[in-house]
Structure formats: C-alpha cells, structure tokens
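Each reported figure results from applying straightforward, stated rules to the coordinates on display, with no laboratory input. Given the structure is predicted, the values throughout are model-derived calculations rather than measurements. Reconstructed Cβ throughout: ideal geometry from the backbone, glycine too, with neighbour counts over all protein chains shown.
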Ligand SMILES: Cc1cc2nc3c(=O)[nH]c(=O)nc-3n(C[C@H](O)[C@H](O)[C@H](O)COP(=O)(O)OP(=O)(O)OC[C@H]3O[C@@H](n4cnc5c(N)ncnc54)[C@H](O)[C@@H]3O)c2cc1C
C-alpha cells in the first residue's frame with residue numbers, strides 16, 4: 001500500500017517529512033477515511049506521515065470570546081468538552097453524531113474537514129460558525145474561512161502532501177449573543193452518515209427585532225457543505241419568527257440539490273426533508289438565542 005511510515009512529534013518535523021516525500025507522502029491523522037481510501041485504491045502514496053503523536057495540535061480552548069480547536073482533536077474530545085457544551089453546543093452535538101464510539105475516538109475534526117465530504121458532520125457547524133482554518137506549509141502560515149476553503153467542484157484548497165491544517169477558530173456564539181443549532185437525520189442512530197444535516201447561526205439585533213447575521217449550512221446536498229443564501233436572505237430581510245422560518249426553510253430547500261441515492265433516499269424526499277429540518281433547526285437556534293439572559 002505504502003512503503004514508509006513516519007510518526008513525527010512536532011509540526012516542523014511533520015512538514016519536513018512531507019517535503020522529503022516530494023508530493024508522494026501524505027498526512028494521516030485518525031486514518032478513518034485515509035486507510036479505507038488507500039485500501040480501496042482511491043488514493044495512493046509512498047509514505048504516510050502519521051501526525052497523531054503531535055500533541056500540540058490537540059486542544060480546545062477559549063480566549064477573549066473566541067474558541068480555538070486543534071485539528072487533531074477527536075470527535076470524542078469535542079463531544080465531551082464542557083467548554084464547547086457551554087459556548088458552542090451545536091459543535092459538540094455534531095461530533096456526538098459521528099459514526100460509532102471507535103470512530104469518534106480516533107477520527108479528528110481536521111480530517112473530517114480535509115476529507116471534504118459534503119456530509120461531514122463537524123464541517124457543517126464549523127462553516128455556520130464562520131470558522132477560520134489555520135494552514136501551515138514550508139511557505140508559511142495562512143488563515144482561510146471555511147467558506148473559502150472548499151472548491152465549488154468538491155475538495156478543499158489544501159494539499160495534504162505538503163500542508164497541515166493545524167487549527168480552527170471562531171467567535172463563541174454564546175459570547176456574541178447568538179443562537180445556533182445543529183440538525184441531522186440518518187437512517188439509524190449509529191454508524192450512519194447523515195441523509196441530511198444542517199447548522200444555523202442567528203445573531204439578533206437590538207431588542208431581537210431583526211437579525212444582524214443569519215447563516216444556514218446544509219449537507220450533503222451539493223459537492224460541498226452548502227450555504228443556503230436565499231434562505232439567509234429571507235431571514236436578514238424579515239427577521240425572526242415561525243412564519244419567517246417556514247419561508248426561509250422553503251427557500252433553503254429550493255437551493256438544496258441532493259442526488260437520488262439508494263442509501264440516502266430520493267432527491268425529492270431529501271429536498272422535503274431539508275425544508276422540515278432547516279425549519280426545526282431555525283426554531284431551536286432562535287430558542288437558544290432567546291433563552292440567553294441579557
Ligand atoms: C464506519 C465509519 C463511520 C463514519 N461516520 C461518519 C459520520 O457519521 N459523520 C462524518 O462526518 N464522518 C464519518 N466518517 C468519516 C470519518 O470518520 C471522519 O471524516 C473523520 O473525522 C476523519 O478524520 P481522520 O482523522 O480519521 O482523517 P484521516 O483519515 O486521517 O484523513 C482524512 C484526509 O484528511 C487529510 N488530513 C487529515 N488531517 C489533516 C491535517 N491536520 N492537515 C492536512 N491534512 C489532513 C488526510 O491526508 C486525508 O486526506 C465515518 C467513517 C467510518 C469509517
């Protein structure tokens with residue numbers, strides 16, 4: 001499958017090993033996606049650079065109202081984080097929904113995003129939260145909004161043969177007085193990728209009479225986690241309320257372009273599902289915003 005296996009202890013060492021590989025070495029974090037892809041022959045490489053021993057990339061912390069999550073944090077780290085549960089519970093909920101306990105124990109948030117599945121359960125809320133990814137390479141450090149990290153045709157603008165995603169950061173919705181929520185439907189509760197998932201962020205203006213920001217992200221209904229721009233526009237123009245949420249969810253479901261799938265159901269069914277789940281998630285996010293003590 002591959003000829004060499006390395007286990008660096010630092011980011012610098014990992015980057016040096018990737019560079020030595022000259023485009024034929026590849027980052028491995030938890031390996032829950034990569035090992036299957038190598039085994040099936042969907043990907044090939046000469047060397048694997050296993051970064052799971054780089055302890056500096058595994059943390060969840062808060063500083064000045066901003067949350068910082070190391071790329072090697074596992075889904076279990078996110079699911080069990082008291083800090084996330086308080087500041088951004090939608091992300092903890094999304095991590096809890098991933099795979100099985102075994103997958104959550106080794107699968108990482110960085111791998112979930114770089115693997116670029118449109119259904120990726122943590123990528124959808126991270127995009128709703130306006131997360132910024134920090135990427136390091138021998139050329140230096142760059143910071144990219146998740147919105148800009150995805151290619152419209154699928155995949156991410158990051159090369160795992162020479163670059164490392166090290167961190168995500170975003171403003172805590174609690175600190176910003178925002179309401180956020182995650183919604184998901186799968187065929188069964190464990191070990192099933194979502195038929196549909198969504199995350200929303202609502203930032204109320206003065207007196208909650210209007211919204212200063214509204215983000216709706218949906219998956220897997222396109223080649224990448226999809227912003228429902230028309231749904232967001234309804235909210236920004238009209239504000240919050242059950243009737244408005246119904247309209248926004250209807251607009252979002254029109255933007256969703258799922259494919260017919262033997263595993264996930266027909267496109268028609270999934271568009272209807274999008275409407276219902278986006279509506280419910282908007283209600284939940286608004287309830288979360290309103291339950292804050294001013
Ligand atoms: C049985 C099963 C069930 C699953 N269920 C779900 C589910 O419900 N929801 C869901 O979203 N996913 C699910 N997954 C997919 C997978 O577990 C997740 O996507 C996981 O988060 C991937 O992380 P990883 O650390 O294992 O990535 P890896 O497999 O190690 O890597 C994935 C890709 O990202 C690259 N990469 C990883 N980390 C970095 C980094 N820091 N910098 C640069 N490149 C990097 C690798 O080179 C590779 O291309 C499931 C997988 C399995 C096998």
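Give the calculated FRET efficiency between residue 263 and residue 5 to the nearest 0.05, with a Förster radius of 25 Å applied to their Cβ-Cβ distance. Once rounded, the FRET efficiency stands at 0.15.
Label point 7 Å out from residue 62 along Cα-to-Cβ: which residues of region 154-171 have amide N under 12 Å? Answer for this model: 171. Coordinate range of the alpha-carbon atoms in region 179-289 per principal axis, descending: 46, 26, 22 Å. Taking the square roots of five times each eigenvalue of the Cα gyration tensor of region 190-246, the equivalent ellipsoid has semi-axes of 26, 11, 10 Å, listed largest first.
Working ranking of peptides 99-106, 214-221 by packing, defined as the average number of other Cβ atoms within 10 Å per residue, highest first, is 214-221, 99-106.
Rounded to the nearest 5, what % of DSSP beta bridges with both residues in the chain are antiparallel? So the antiparallel bridges amount to about 85 percent of the total. Counting only DSSP beta bridges whose two residues both lie in region 178-289, roughly 100 percent are antiparallel. How would you classify region 110-149 from its alpha-carbon gyration tensor, with a ≥ b ≥ c the square roots of the eigenvalues: rounded for a/c under 1.5, else prolate if a/b is greater than b/c, otherwise oblate? Here region 110-149 falls in the oblate category. For region 58-171, the convex hull spanned by the alpha carbon atoms encloses 96 Å³ per residue.
Once you divide the Cα radius of gyration of the chain by 2.2 N^0.38 Å, the number left is 1.00. Listing 212, 161, 122 from fewest to most neighbouring C-beta atoms within 10 Å gives 212, 161, 122. Against the chain, whose longest principal axis comes from its Cα atoms, helix 267-290 is set at around 80 degrees. With the convex hull of the Cα atoms taken as the outline of region 4-49, the averaged projected area works out to 3.0 nm².
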